Amino acid sequence: MSETTEITLNELRHLVSERAIEGDTVLLNMGPQHPSTHGVLRLLLELDGESVINCIPDVGFLHTGIEKNMEAKTYVKAAVMTDRLDYLNTVGNNLVYCLAIEKLVDLDVPPRAQAIRVILTELQRIASHLVWLGTHALDLAAMSVFLYCFREREKILDIIEMCGGQRMMATYIRPGGLWRDVPVEFEDTVRQFLKIFPARIDEYEALLTKNPIFQDRTKKIGVLSRQDAIRWGITGPTLRASGVAHDLRKAQPYCGYEQYDFDIPTQTAGDTYARYQVRMEELRQSVRIVQQALDKLPLGPVNSNNRKYVPPPRSELGTSMEALIHHFKLWTEGFSAPAAAVYVAVESPRGELGVYLEGNDGPKPHRVYWRTPSFVNLQILPLLSKGHLVADLVALIGTVDIVLGDVDR
Amino acid sequence: MDAHLQAATQAIQERFAGQVSEFRDQISLIVAPQQIVEVCRALKDDFGFDMLSGETAVDYWPAQEPRFHLVYLLYSLQHNLRLTVRVPLNGNSPSLPTLESVYPSANWHEREIWDMFGVRFEGHSDLRRILMPADWEGHPLRKDYPLGYEEVQFSFNYDEIDARKPYAKE
Amino acid sequence: MGIEQKAGNMGAVTLKLEQAVNWARTNAMWPMLFGLACCAIEMMSAQASDYDLSRFGMELMRASPRQSDLMIVAGRVSRKMAPVLRRLYDQMPDPKWVISMGDCASCGGVFNNYAIVQGVDEVVPVDVYVAGCPPRPEALIHGIMTLHEKVRGEQIKDWA
Amino acid sequence: MLTPYVPIAILLILSTALAILVVAIGHLFGPRRPTERKSLPYESGMIPIGPGTRRMPVRFYMVAVLFILFDIEVVFFLPWAIVFRKLGLFGLIEMFVFVAVLLVGYAYAWKKGALEWE
């Protein structure tokens with residue numbers, strides 16, 4: 001097991017200020033194993049006492065080579081990989097990968113599947129925001145919020161498990177529709193959840209919003225101006241908290257988002273408290289979307305009947321020869337996609353999650369590039385942390401809301 | 001094709017002799033490697049493509065002629081338009097000017113492309129490996145780099161693989 | 001013929017030193033806060049109110065290896081993380097155990113490629129492997145129960 | 001004449017003895033396997049860069065001194081609280097004067113910005 005050479009001081013000469021070389025400031029590793037880095041993120045901090053002079057993020061401790069692995073699997077088998085990317089938004093990853101395939105091979109999706117996709121993606125957004133809220137408040141010493149958030153998150157995981165059979169990595173969305181239809185008791189379980197959840201959001205707000213300690217730790221901390229946000233390509237709640245009302249569900253609607261009316265919460269202050277408010281408001285908007293999607297849930301098939309790409313239902317295998325041939329071809333060699341490239345982006349809880357999919361007339365994708373929001377949003381951490389104390393850095397990592405599986409791919 | 005996008009691609013074609021191609025209503029511009037900074041600066045300042053959504057490379061390994069394609073995914077916030085700019089690169093260790101001056105977010109994208117594909121960026125402020133360990137040889141996402149597949153232990157070949165596997169002593 | 005066979009199990013009176021030490025070790029085994037990837041989220045669910053690891057004496061997830069007895073490797077270990085994992089394992093005080101949570105930690109799981117260490121037992125000696133991707137919180141608790149059985153079986157000669 | 005203090009002495013002796021006993025057992029019987037890698041300073045899993053002991057900024061010292069000052073002030077409350085009944089009004093006013101004097105010092109420190117970190 002090779003002992004990798006640690007980064008010596010002179011290799012960082014061009015990054016660290018002169019005072020560090022003479023030894024005036026301390027170089028400290030807020031390293032891969034740290035309670036508040038939400039995973040294995042390493043920050044090399046240059047500290048003058050308590051205030052942060054320089055913060056150099058070092059990522060790659062969770063690099064899984066997913067893009068290389070996907071090139072070695074067929075299109076449908078590679079869908080298993082997508083769940084493990086941003087493990088707090090597994091349904092969203094499946095969605096964007098399947099949308100990219102559907103665009104590449106021009107595959108239609110029935111309306112019922114689109115509505116269920118919207119419901120599950122919004123529920124997954126709520127679950128992801130609950131983990132963000134729980135860990136962010138836990139970092140700022142509000143232990144009880146963590147326990148309350150995970151209590152609600154269990155309910156959403158039960159719903160996803162009811163549909164997909166697995167709590168987190170269900171791979172429920174397949175190219176051309178869904179794996180299978182939702183079970184009978186899906187609707188009233190979701191309605192049951194929607195009935196109790198708004199009151200729970202008020203519970204969290206009562207705990208945190210007017211809490212003076214929380215306000216001291218988050219107001220005017222990590223201010224991100226509108227120009228900087230656009231210049232650095234920031235997307236998602238971090239961008240909306242700096243005053244730019246950009247949300248891909250409204251700007252470039254997919255999966256039938258244009259039928260539902262919801263508004264995009266924005267703030268102008270651009271500090272940690274503004275991002276907290278934006279995300280809390282997004283929880284309420286997601287409840288509204290799920291409510292509307294559930295009321296207008298159309299009936300009908302869940303998979304498109306384009307047999308070239310979607311395997312036929314098992315019932316037909318006994319009777320029709322073509323179904324058997326399609327079934328055999330799809331499950332052995334898989335369908336092949338044209339030699340062209342497509343870029344599709346959706347709104348994940350962290351920002352714009354995009355897939356650049358390139359085929360090569362073969363059954364395996366030639367290149368799958370994941371434009372992940374956490375990788376881009378993490379770049380502004382050095383910018384935000386200038387001049388703050390180390391304790392504020394803990395709040396900053398929470399507010400940028402990164403997931404390391406997203407960053408390192 | 002959207003009117004504004006039409007104007008943008010027209011202007012780029014005249015000034016930088018780029019070709020335009022379209023697939024499923026997604027426009028992509030093919031431009032020479034050395035002009036990429038001017039093209040992006042023009043697109044950003046004159047046509048409002050103020051956000052670099054993403055930047056990656058594609059490896060067409062057996063073909064040496066344009067072995068790599070650098071793909072820049074641009075997005076305009078005001079006009080809500082997407083544009084892809086592709087740059088063909090030849091040879092096994094190509095290099096082209098960095099885009100950091102136009103889009104600061106290109107810093108990490110380019111470090112990742114250097115780490116994964118071995119495409120060097122001239123003028124980049126801090127070109128180090130970002131995802132792989134600092135002393136790693138080779139660029140993993142290249143097509144000629146092996147997947148690193150390890151043979152799976154089943155019952156019939158369990159013993160000889162078990163002998164080779166480096167178990168950690170205490 | 002120990003006194004226990006003769007006088008029967010009289011609880012505290014016929015308690016062996018091993019049993020006392022093992023009882024103390026199993027009922028207050030503090031895990032190290034070491035979440036890597038998706039399994040860390042399931043470990044947090046196990047720690048949170050619904051599945052509550054605190055019932056097994058694991059109230060605190062200690063942040064530093066110096067104060068923890070158990071290292072739960074929750075997630076996939078990349079090549080860049082392996083030396084860090086080994087260093088953390090070495091810095092833990094001596095009665096220490098390792099649970100490899102999830103398929104990626106146990107055998108590389110779905111990722112059979114250059115970036116992932118194919119099984120954490122190449123880096124640290126593992127006591128209990130928990131299967132699942134990610135394993136349900138109950139599966140993790142079952143893994144912890146198995147580890148407790150193993151620790152209760154330890155004898156003094158193991159510690160020499 | 002020292003008889004009222006005997007129980008206190010016994011209590012003191014017993015508590016210190018118990019503390020020393022527990023630490024000694026841990027020290028003597030605990031297994032000790034110091035390895036070179038285990039004694040490496042822990043810095044969230046990485047090897048520390050640069051020397052461990054650095055010049056500490058003076059602000060840490062300032063915070064420490066202020067804490068000790070106001071902590072000792074609280075210690076004086078304890079004996080006062082025991083004989084509080086017997087002292088009556090005079091004791092109350094006396095303690096207020098004591099606290100007021102220290103409050104002036106606190107206000108001065110606050111005004112001079114000793115509590116701010118910058």
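Structure values in brief
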| item | result |
| --- | --- |
| Which listed residue, of A:V109, A:V52, A:V118, is farther than 25 Å from C:A115 by Cβ, part of a strand (DSSP E or B) and hydrophobic (A, V, I, L, M, F, W, C) | A:V52 |
| Neighbours by Cβ (under 9 Å, 6+ apart or cross-chain): first from the range A:262-284, surrounded by fewer than 20 Cβ atoms within 10 Å (Cβ to Cβ); second part of a helix (DSSP H, G or I) and among the aromatic types (F, W, Y) | A:Q267/A:Y273; A:M280/A:Y204 |
| Considering residues of the range A:217-234 that are assigned to a helix (DSSP H, G or I) and over 29 Å from B:E110 (Cα atoms) only, the residue nearest to the other protein chains (Cβ to nearest Cβ) | A:R217 |
| Pair list, Cβ under 7 Å, 6 or more apart: the range C:72-93 residue within 11 Å of chain D (Cβ to nearest Cβ) and without any contact (Cβ under 8 Å) to a residue 40 or more places away in the chain, other residue assigned to a helix (DSSP H, G or I) and among the basic types (K, R) | C:Q91/C:R66; C:P93/C:R66 |
| Subset of the range C:101-129 that is in a loop (DSSP other than H, G, I, E, B) and closer than 16 Å to C:V84 by Cβ - its residue that is nearest to the other protein chains (Cβ to nearest Cβ) | C:A115 |
| Residue list for the range A:22-63, filter: in contact with a Phe, Trp or Tyr (Cβ under 8 Å, 6 or more places away or on another chain), more than 9 Å from chain D (Cβ to nearest Cβ) and among the small types (G, A, S) | none |
| Test result for A:R84, more than 9 Å from chain D (Cβ to nearest Cβ), under 30 Å from A:G300 (Cα atoms), buried (at least 24 other Cβ atoms within 10 Å of the Cβ) and in contact with a helix residue (DSSP H, G or I) (Cβ under 7 Å, 6 or more places away or on another chain) | no |
| Checklist (1) in a helix (DSSP H, G or I); (2) on the phi > 0 side of the Ramachandran plot applied to D:E94, failing item | (2) |
| Options A:T372, A:T332; residue that is polar (S, T, N, Q) and touching a strand residue (DSSP E or B) at 6+ places or on another chain (Cβ under 8 Å) | A:T372 |
| Residue pairs meeting the criteria (Cβ under 8 Å; at least 6 apart or on separate chains; first within 10 Å of chain A (Cβ to nearest Cβ) and touching a residue at least 24 places away in the same chain (Cβ under 8 Å), in the range C:45-58; second of a type in the set (D, E) and outside any loop (DSSP other than H, G, I, E, B)) | C:S45/A:E154; C:D50/A:E154; C:Y51/C:E138 |
| Unique match (being surrounded by 17 or more Cβ atoms within 10 Å (Cβ to Cβ), within 14 Å of chain C (Cβ to nearest Cβ) and under 30 Å from C:V110 (Cα atoms)) among B:D162, B:D115, B:D135 | B:D115 |
| Per-region count, the range B:19-68, residues of a type in the set (S, T, N, Q), closer than 19 Å to A:P338 by Cβ and in contact (Cβ under 8 Å) with a residue 40 or more places away in the chain | 2 |
| Unmet requirement for D:W110, which otherwise passes all of (1) in contact with a helix residue (DSSP H, G or I) (Cβ under 8 Å, 6 or more places away or on another chain); (2) hydrophobic (A, V, I, L, M, F, W, C); (3) farther than 30 Å from C:L33 by Cβ; (4) surrounded by 11 or more Cβ atoms within 10 Å (Cβ to Cβ) | (1) |
| Hey, A:L389 in contact with a Phe, Trp or Tyr (Cβ under 9 Å, 6 or more places away or on another chain), more than 28 Å from A:I116 (Cα to Cα) and at pLDDT below 95 or not | yes |
| Sole exception among (1) hydrophobic (A, V, I, L, M, F, W, C); (2) crowded, with 22+ Cβ neighbours inside 10 Å; (3) closer than 28 Å to B:Q26 by Cβ for A:V400, by number | (3) |
| Scope the range B:1-54; condition part of a strand (DSSP E or B) and hydrophobic (A, V, I, L, M, F, W, C); matching residues | B:V20, B:F23, B:I27, B:L29, B:I30, B:M51, B:L52 |
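To keep it simple, each residue is scored yes or no on (1) closer than 30 Å to B:V20 by Cβ; (2) at pLDDT below 90; (3) under 13 Å from the mean Cα position of the chain (by Cα).
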| residue | (1), (2), (3) |
| --- | --- |
| B:R86 | yes, no, yes |
| B:L99 | yes, no, yes |
| B:Y103 | yes, no, no |
| B:I113 | yes, no, yes |
| B:V119 | yes, no, yes |
| B:L131 | no, no, no |
| B:D159 | no, yes, no |
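The values are calculated or read from the model by the stated rules, or taken from the named source; none is laboratory data. The structure presented is a predicted model; accordingly, all values stated were derived computationally and were not measured. No Cβ is skipped: glycine too gets one built from the backbone with ideal geometry, and neighbour counts run over all protein chains shown.
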